[in-house]
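Some notes on the structure that comes next.
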Amino acid sequence: MQVGELVAVPTETVYGLAGRYDDLNAIQKIYQTKNRPSYDPLILHIHSHSQLKELISRDTSDLEKMLIQEFWPGPLTFIFERSENVSDLITSKLPTVAIRMPRHPIFLDLLEKINIPLAAPSANPFKYISPTSAQHVAKQLGGKIPMILDGGNCEVGLESTIIKVHDEKIVVLRQGLVSIERLSQFAETSLVKSDQTIEAPGMLDAHYSPVKPFIKIKDADTLKGKSLGLIMFSEYHPDFPIENQIVMSPEKDLKIAAMRLYGAMREMDMSNFEGILIDEFPNEEMGRAINDRIKRALTRI
Ligand code: TXA
Ligand code: MG
């Protein structure tokens, strides 16, 4: 493989499209390959605390240290003030940078061997559903990138929680496995509101959408007469044929449902159904992140 190339990598959340953070050609290639607008900044991935020091401009606060200790390596991304080592291209000119230490063994091993932080957004074309298997990546970006590291199915299945620590309080910019309930055990935690300053334009746009109409079951009438596939939480819907349905977790486990969600959305999107109906999920713990992704993916009707 040539120097400066990209590689798709497995992480515990979703697959990433990785390039060296210090190679601006590689960073450009990430944006081009994903068809991602330059205003949507990238996350850096690291394997050590000394790498973190190089990328940020001030020491971490006590609360940040505590959260890092608890959740790294793992699916929690921090927004820090960036150092001069991080280029404008990575942060879309923001004074901050998003950083996380992933826990997938193959990716961590790669980060250790290279010993250079890697920029890696989710390995999907802009606005499509994030990939949770190497096959998902191959299907969409296969012809465009020289290598995909196959690390199996992602164990979490939804993108990392993104937070910013301010005045010893936590603001959640994107929900994920590390839930608001869990973070609240460390400090006052709030969810960023859409009417607050937009920290990163990409986060408020519609995202993760299937191509087919994707709507809640309660709005099924708007697709009357069409053949419909259903994504159900824990049991089959009695009014639709069983063969049209995917049940995510008969045991009502929200983590399992999250792990399967994007795969089910893709499967339905590739099927012969003309539209996709999605169930309601309890709005607690991982259910909040599931509902957040569903809300962003819904077809506006
Ligand atoms: O789980 C994940 O985080 C995956 C895996 C590959 O690590 N990565 C991922 O990256 O989801 P991406 O690029 O698809 O999503 C990163 C989000 C974007 O919405 C971006 O706008 C936001 O993070 N972001 C990046 N830098 C930021 C910053 N400095 N301030 C606020 N938001 C930022
Ligand atoms: Mg993404």
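The values are calculated or read from the model by the stated rules, or taken from the named source; none is laboratory data. If you're wondering where the values come from, they're calculated on a predicted model, not measured in any experiment. Neighbour counts are summed over all protein chains in view; Cβ atoms, including those assigned to glycine, are modelled from backbone coordinates with ideal geometry.
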request  = Would you check which residues across region 5-34 are modelled with pLDDT of 95 or more and part of a loop (DSSP other than H, G, I, E, B) and list them?
outcome  = Leu6, Pro10, Thr11, Glu12, Thr13, Val14, Tyr15, Tyr21, Asp22, Asp23
ask   = Of the residues in region 157-190, how many are at pLDDT 95 or above, more than 16 Å from ligand 2 (Cβ to nearest atom) and either among the hydrophobic types (A, V, I, L, M, F, W, C) or not in a helix (DSSP H, G or I) (or both)?
value = 18
task = Please enumerate the residues belonging to region 91-129 that are within 26 Å of Glu70 (Cβ to Cβ) and either in contact with a helix residue (DSSP H, G or I) (Cβ under 7 Å, 6 or more places away or on another chain) or part of a strand (DSSP E or B) (or both).
result = Thr96, Val97, Ala98, Ile99, Arg100, Pro102, Pro117, Leu118, Ala119, Pro121, Ser122
task = Please verify whether region 65-84 includes one or more residues that are in a helix (DSSP H, G or I), more than 22 Å from the chain's Cα centre (by Cα) and away from ligand 1 (no atom under 15 Å from the Cβ).
result = yes
request  = For Pro117, work out the one condition from (1) more than 10 Å from ligand 1 (Cβ to nearest atom); (2) within 19 Å of Leu173 (Cβ to Cβ) it doesn't fulfil.
outcome  = (2)
ask   = Of the residues in region 31-43, how many are surrounded by 14 or more Cβ atoms within 10 Å (Cβ to Cβ) and near ligand 1 (Cβ under 9 Å from one of its atoms)?
value = 6
task = Report, ordered by the first and then the second residue, all pairs with beta carbons closer than 6 Å, sequence separation of six or more or different chains, a first member in region 253-268 that is without any contact (Cβ under 8 Å) to a residue 60 or more places away in the chain, and a second member that is crowded, with 22+ Cβ neighbours inside 10 Å and not in a helix (DSSP H, G or I).
result = Ala257/Met248; Ala264/Ile231; Met268/Gly229; Met268/Ile276
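Out of the residues in region 210-234 meeting the condition of being small (Gly, Ala, Ser) and in a loop (DSSP other than H, G, I, E, B), tell me which one is nearest to Pro125 (Cα to Cα). Lay out the reasoning, then the answer.
Filtering region 210-234 for residues small (Gly, Ala, Ser) gives 220, 225, 227, 229, 234.
Now restrict to residues that are in a loop (DSSP other than H, G, I, E, B): 225, 227, 234.
On the way: Gly225: 31, Ser227: 27, Ser234: 30 Å.
So, considering only residues that are small (Gly, Ala, Ser) and in a loop (DSSP other than H, G, I, E, B), the one nearest to Pro125 (Cα to Cα) is Ser227.
If I ask for residues that are surrounded by 15 or more Cβ atoms within 10 Å (Cβ to Cβ) and not hydrophobic (A, V, I, L, M, F, W, C), which ones from region 244-266 would you list? Please lay out each step first, then the result.
To start, the set of residues in region 244-266 that are surrounded by 15 or more Cβ atoms within 10 Å (Cβ to Cβ) comprises 244-249, 254-266.
Residues satisfying the conditions are Asn244, Gln245, Ser249, Lys255, Arg260, Tyr262, Gly263, Arg266.
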